[in-house]
Amino acid sequence: MNLFVEIFYLAAAVLFILGLKQMASPVTARRGIVWAGVGMVLATLITFVHPSVNSNYLLIFIGIAVGGGIAWKTGKEVAMTDMPQMIALYNGMGGGAAAAIAAVELIKQHEMDPTVQLLAVFGALIGSVAFSGSLIAFGKLQGIKQLRGAFRFHNQQRINAGLFIVVAWMGLGIATSGTDYGMFTLFLFFALALAFGVMMTLPIGGADMPVVISLYNAFTGLAVGFEGYVLDNPAMMIAGIVVGSAGTLLTQLMAKAMNRPITNVLFSNFGETTGEAQEVTGSMKAIESPDAAIMMAFAEKVIIIPGYGMAVAQAQHKIWEMTKQLQERGVTVKFAIHPVAGRMPGHMNVLLAEAGVPYDIIYDLDEINEEFKTADVALVIGANDVVNPIARTDPNSPIYGMPILNADYAKNVIVVKRGQGAGFSGIENHLFFADNCRMLYGDGQAVASELIANMKEL
């Protein structure tokens, strides 16, 4: 029986890995999700015949039914624009589940191998942090008033560091004491670990959410992997390690895309500088929809740069309709995606895919940046800091060194924006004041509709 179970767990793990591999490409991502899903179903079913699972089948069925029902309903109803907060919430649930497994094992106070007990405690710590931190991230992304923005206070980082030291010290004590620890100590450990997750996430602003989401994804994966070792469950071990390593790599890529160390995201106040920023020269120049439509309709190449503003306006479908109209006129249209555009990794890619935009006209920063020199029009819709040329020129700027999309290299730039406000960095976008830039004010969806109507009249 044990061999039978292990074979099927191995098969499930192989499906996890193959699924993740398929997700590396937009073309095969849907297939990868199906494969990974089949692996999860297989791992769940085989658990029922695991030798250690000999009771509580009714509770297991109820848990699967309730959790699966909620996931199915939310997955069907949640809009694509709300996907970041759903991802953050589900991340948290995974971390919370891993922490709960550790809690159950530690409450038993049975003899464990020292290594196993250490992994149980470590998984409990990072799972708890991922759970509470992801809930705060969800609240920020959802726009809950009390959590909106970056919540900071005097000596916050010192307090957070002290809290972490206390939690780590308590965890080490529990991990090395065998069964000689009290329930109050265990309870306090979990409570402080949850509190640390909250305190760590509160000072982080919305622009850093892609990094935070991928980091907590890594935490959740590692916690699941550690608790899989505690339970001697190969499927949990392999799935957790795969998710943890993928999340860690993604976090590094997100931080690199912002030219900021992960420690800077977590433990500093973004936007603080010591020098004086470069003075903005020139003025913003407005353009009306009919003129913008003419400029794009008679162009040879148009590059569209979507940002979070497009997601807020839910303009992706209208932008794709406009794109098809331009293509019918013989205009070459491409989409340029910055790695941290939006509120989660791949946010813009997901929105464009949902609207039906073909994968072969969507390009990452490194793939398309050189093409801006040959573009007649760069259309920026809802993006700000990721196209600010000050990142290349001003060492005193908080975004200096961050790789940006070279929209300013295009012959003409049209920026669709609700108003004249600055981005998360709090600095003026020098692109908006450039001689080749025109501001098209308004809601992204409404503006796209106007452009479509104006082009039809040409």
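A few notes on this one:
- One residue from Ala124, Ala191 being farther than 22 Å from Ala218 by Cβ and at pLDDT 95 or above: Ala191
- Residue within segment 107-116 that is part of a helix (DSSP H, G or I), of a type outside the set (Phe, Trp, Tyr) and buried (at least 18 other Cβ atoms within 10 Å of the Cβ) present: no
- For Thr332: the one exception among (1) free of Cβ contacts under 8 Å to residues at least 24 places away in the same chain; (2) touching an Asp or Glu at 6+ places or on another chain (Cβ under 8 Å); (3) of a type outside the set (Asp, Glu): (1)
Yes/no per residue for (1) closer than 30 Å to Ala313 by Cβ; (2) free of Cβ contacts under 8 Å to residues at least 60 places away in the same chain; (3) among the small types (Gly, Ala, Ser); (4) not assigned by TED's automatic domain parsing to the domain that holds Gly96:
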residue	(1), (2), (3), (4)
Val41	no, yes, no, yes
Thr44	no, yes, no, yes
Pro51	no, yes, no, yes
Asn56	no, yes, no, yes
Leu59	no, yes, no, yes
Gly63	no, yes, yes, yes
Val66	no, yes, no, yes
Glu77	yes, yes, no, yes
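- Helices (runs of 4 or more DSSP H) within segment 344-401 that include 2 or more residues touching a helix residue (DSSP H, G or I) at 6+ places or on another chain (Cβ under 7 Å) and modelled with pLDDT of 85 or more: 347-355
- Residue pairs meeting the criteria (Cβ under 7 Å; at least 6 apart or on separate chains; first assigned to a helix (DSSP H, G or I), in segment 167-183; second among the β-branched types (Val, Ile, Thr)): Met170/Thr185; Gly171/Val121; Ile174/Val121; Ile174/Thr185; Ala175/Val121
- Of all residues in segment 406-423 being modelled with pLDDT of 80 or more and closer than 22 Å to Asp443 by Cα, the one that is surrounded by the fewest Cβ atoms within 10 Å (Cβ to Cβ): Arg418
- Candidate set from segment 26-69 (those that are assigned to a loop (DSSP other than H, G, I, E, B) and within 23 Å of the chain's Cα centre (by Cα)); member that is surrounded by the most Cβ atoms within 10 Å (Cβ to Cβ): Pro26
The values are calculated or read from the model by the stated rules, or taken from the named source; none is laboratory data. All values derive from a computational prediction rather than experimental measurement. Note that each Cβ is placed from the backbone with ideal geometry, even for glycine, and that neighbours are counted across all protein chains shown.
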